[in-house]
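Since the structure comes first, as C-alpha cells, the remarks are kept for the end.
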Amino acid sequence: GVDLLDQSRTGLSSVKDWLSGSVRNGRLHFLLKTRERKEMWATQLAEHEKVREYLSAELERFRNKRRFRVLDLYRSSFDPHQEGNFDHHPPAHRYLFQAYAYQYHLIQSAWIVLEMLDEMIRLEKERNTQRLWTPVKRLFRWNNWQLSDTVRNGDDEDP
C-alpha cells in the first residue's frame, strides 16, 4: 500500500504542477514559438507518461499481489497443524474488513489519478497549440430553438 500511495502522490503532484504550471503560466507564451519551448514541452510530456506508467504498474502489482498480504495474519487460523496451538490468536475480523475497505478506496483513488493523467496526456498530445477560450461564441449562437419558453414569451416567474 505504501508504494501505491507514493506513486499516487507523485501522479497527483504531476497533475497539480501541470495545472498550475503549463496551463496557467503559459497564457502569453503562445505568441512565442521557439525550439526551446517545443523541447521543454516534449520533455514534460515524456515525464508525465513515465509517471503514468509507474502508477499503472504499481496499481497492477498491488491489485494482483500486494493486497493479499493482509491475509497473512489470518492464515494460521486455517492451518490444520496449528489447531491445538492457542499461542497465536489472529486479529479480530473487523480489522480485516477495515483493511479491505481501505484497500478498495486506495485502489479507487489511484484509478482516478490514473484517469486524470490519461486525460492530461491526451490533452497535451491533441492540443499542441494554445487557444483563447471565451463564451462569446456560445452567446451569439442562440436561436429560438435554444431559448426557454419564459424568455420567448416574456413571462416572469417571480410572484
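With a cut-off of 13 Å between beta carbons, the residues surrounding residue 51 carry a summed charge of -4, where Lys and Arg count +1 and Asp and Glu -1. If Lys and Arg each add +1 and Asp and Glu each add -1, what is the summed charge of the other residues whose beta carbon sits under 13 Å from the beta carbon of residue 121? So the environment of residue 121 carries a net charge of -3.
Only the coordinates and a few stated rules stand behind these numbers; no lab work does. The structure presented is a predicted model; accordingly, all values stated were derived computationally and were not measured. Quick reminder, even Gly has a Cβ in these numbers, built from the backbone with ideal geometry, and neighbours come from all protein chains shown.
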